[in-house]
Amino acid sequence: PSNAEVAKNISQIKQKARITRDKPVQIIQDITVNISQEYYPYMPSSNALRSIIKRVKRAEMPAEPQTIEEVNIPDSLRLTLNGDTFLIRDCVIADDRENCSVMDYLRGIAHNLAI
C-alpha cells in the first residue's frame with residue numbers, strides 16, 4: 001500500500017478542517033467514505049484524526065484579545081438592518097479598571113421598540 005495515498009487523505013482532512021466549521025466526525029466521514037478498503041488499516045485511528053482536526057482548527061483561530069482595544073468589530077456588525085447604530089461603547093478608565101456604559105445602546109433599543 002502507498003503511504004502517499006494515506007498522506008493525501010490526511011491532507012484532505014486537514015484542508016477540510018481549515019475551510020469548514022464541520023464537526024470532526026463529519027470531516028472524517030466525508031473524507032474516509034471515498035478511501036479504498038486496502039488503505040483503511042494504514043489510516044490513523046478516529047481519535048488520532050480528531051486530534052489532528054482539533055490542532056488544525058486551533059491553529060487557524062485568531063489570537064484572543066487581551067484588552068478591549070484589541071477587539072475588532074466589523075462595521076457591518078455595528079449597524080442594524082435599518083442602518084441605525086447598534087454597538088456603541090463609552091468607556092472610561094477609573095481606578096485602574098475599565099467601565100463601559102451601554103446607555104446609548106439601550107436608549108436606541110428602547111426607541112426602536114417604541115416605533
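The values are calculated or read from the model by the stated rules, or taken from the named source; none is laboratory data. This one's a predicted model, so the numbers in the text were calculated from it and none came from an experiment. FYI the Cβ positions are ideal-geometry reconstructions off the backbone, even for glycines, and counts take in every protein chain you see.
Elements of the type helices (runs of 4 or more DSSP H) sitting completely within the stretch 1-97 and holding at least 1 residues that are modelled with pLDDT under 90: these cover 3-19, 46-60.
Can you find a residue that is touching a Pro at 6+ places or on another chain (Cβ under 7 Å) and either assigned by TED's automatic domain parsing to the domain that holds ILE10 or polar (S, T, N, Q) (or both) anywhere in the stretch 20-37? No, that holds for no residue.
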